[in-house]
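Heads up: the structure comes next, in structure tokens.
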Amino acid sequence: MTQPDVVVVGAGVIGLSVALAAQDRGLRVTVIDRTGPAAGASAGNAGAFAFPDILPLASPGILRQAPKWLLDPLGPLSVPVGYAPRLLPWMWRFWRASRPDRVRASTIAQAQMMQLAAQTLDPFLERAGLSNMLRREGQLQVYEGAREFEASLPGWRAREANGVEFRHLKGDEIAEYQPGLAPRFTHAAFTPGWATIDDPKDYTIALADKVRANGGEIVIADAQALLPGGVQTSAGDIQGRVVLAAGAHSHQLARTANVRIPLETERGYNTTLPKAAFDLRQHITFSAHGFVVSRLRSGLRVGGAVELGGLDRPPNYARADAMLKKAAQFLPGLDITGGTQWMGFRPSLPDSLPAIGPLPGRDDVICAFGHGHLGLTQSTATAQIVADLLTGQTPGIELAPFSPARFARPA
């Protein structure tokens, strides 16, 4: 194995994007992953570059709805009963992050991150030779009745204040964007800045191919512990500056450096239907129900919701079934037969912002994890920021809101 300058732990979309950005700066890179490229959430997500999605999950609105949702084990937000005690410290931090002043600060930080992501996406894809995989079809967010729509207006005002373009629709206007929606959806908002990748798994594998073509190595091994100047793996110790991009497993490695970071696992579910299941014109978000329908090269993907249940519990595919049944009601012409189910782990921090920057007490380890359901969206921005940090340059946005030190405490 060639001695690398940088060791990236994680071969998902974040880790591989970071690896490519580091290679573009002339650095030699080795990527380590327990199962190989695109084996986790990077393979099964909705394929969206959701640049208008700047509102944090931690918010007063979510707190108001959470009790109702939590009473429904198949609803948009659930916590398995046996896991709830372990989740209490995380939920305490989530509650604190939901205060109005914290929400405003998180929204500003997220908007800056999204602006950088939108600016870096096309140049990144062009350098990687993958521009042909991107589609710009926009997103339709739909609402059942005037009351639900009006409750969403503060969020749209926050988006407008941060430069997000959108158009509100009602009645027959909605069908011009997406025919076939159930008439219960009387209001909608269209965001043209939303983009979609042809297929997230294919895209992530293509990134891995590009890393290898640039001379990088991808090692299939367990990353077991952070060492001074490197990482211990099941394939032996590897020296180099470490980028910790292991998704929902990242906090476990941080613990080996005596740092606790409150990373939780949003278990996401979906069903991918055949392409002919429905004539979908663009990504549709059913926000009150916590799921989306997206059009990929591999088919139509119906998925979302949040199950805060950790890494070890078996999947509860009844959650995927529940979303599919709702989708059939909301899109009456949808054929829900012949689908393939999936569950994956999204790495989630209590304030909805990722951890990007040096691990506390370890300037030789750079964190790049905790993006929740926005990993693909923020992958190119994270890659540029980390490449800047690796090469001693000043990142394009203020990193204090994303600092891993905002949560860290001694183990």
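A few comments on the model shown:
- Subset of region 142-160 [open to solvent by less than 50 Å² (accessible area, probe 1.4 Å) and without any contact (Cβ under 8 Å) to a residue 60 or more places away in the chain]: Gly145, Ala146, Phe149, Leu153, Trp156
- Hits in region 21-50 - residues which are without any contact (Cβ under 8 Å) to a residue 40 or more places away in the chain and not hydrophobic (A, V, I, L, M, F, W, C): Gly26
- Unique residue being open to solvent by less than 30 Å² (accessible area, probe 1.4 Å) and more than 24 Å from Ala257 (Cα to Cα) when the list is Thr377, Thr340: Thr377
- Any hit, region 258-269, residues being crowded, with 23+ Cβ neighbours inside 10 Å, among the hydroxyl-bearing types (Ser, Thr, Tyr), under 20 Å from the mean Cα position of the chain (by Cα) and not in a strand (DSSP E or B): no
- Positions within region 199-222 being within 14 Å of Gly129 (Cβ to Cβ) and either open to solvent by 10 Å² or more (accessible area, probe 1.4 Å) or of a type in the set (Lys, Arg) (or both), in sequence order: Asp202, Ile205, Ala206, Asp209, Lys210, Arg212, Ala213, Asn214
- Val293 being in contact with a Lys or Arg (Cβ under 9 Å, 6 or more places away or on another chain), over 19 Å from His371 (Cβ atoms) and either touching a residue at least 12 places away in the same chain (Cβ under 8 Å) or assigned to a helix (DSSP H, G or I) (or both): yes
- Meets criteria (more than 17 Å from Gly229 (Cβ to Cβ) and either over 22 Å from the mean Cα position of the chain (by Cα) or at pLDDT 95 or above (or both)) for Ile397: yes
- Among the residues of region 24-34, not a single one is closer than 30 Å to Arg167 by Cα and crowded, with 22+ Cβ neighbours inside 10 Å.
- Applying the criterion of being of a type in the set (S, T, N, Q) and modelled with pLDDT under 80 to the residues of region 37-72, the residue that is farthest from Pro192 (Cα to Cα) is Gln65.
- Members of region 76-109 found to be open to solvent by 30 Å² or more (accessible area, probe 1.4 Å) and under 13 Å from Pro262 (Cα atoms), listed by number: Arg86, Leu88, Pro89, Met91, Trp92, Arg93
- Hits in region 230-248 - residues which are within 23 Å of Ala383 (Cα to Cα) and open to solvent by 50 Å² or more (accessible area, probe 1.4 Å): Gln239, Arg241
Let's see how each residue does on (1) part of a helix (DSSP H, G or I); (2) farther than 18 Å from Asn162 by Cβ; (3) modelled with pLDDT of 90 or more:
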| residue | (1), (2), (3) |
| --- | --- |
| Leu74 | no, yes, no |
| Pro85 | yes, yes, no |
| Arg93 | yes, yes, yes |
| Ala105 | yes, no, yes |
| Gln110 | yes, no, yes |
| Pro123 | yes, yes, yes |
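- Condition check for Ala368: assigned to a strand (DSSP E or B), more than 30 Å from Glu176 (Cβ to Cβ), open to solvent by less than 10 Å² (accessible area, probe 1.4 Å) and modelled with pLDDT of 95 or more: yes
The values are calculated or read from the model by the stated rules, or taken from the named source; none is laboratory data. Everything quoted here is computed from the prediction, not taken from an experiment. As a convention, Cβ positions derive from the backbone with ideal geometry for all residues, glycine included, and neighbour counts pool all protein chains shown. Surface areas here come from the heavy atoms of the whole protein model, side chains and all, with no ligands, DNA or RNA. Shrake-Rupley method; radii C 1.70, N 1.55, O 1.52, S 1.80 Å.
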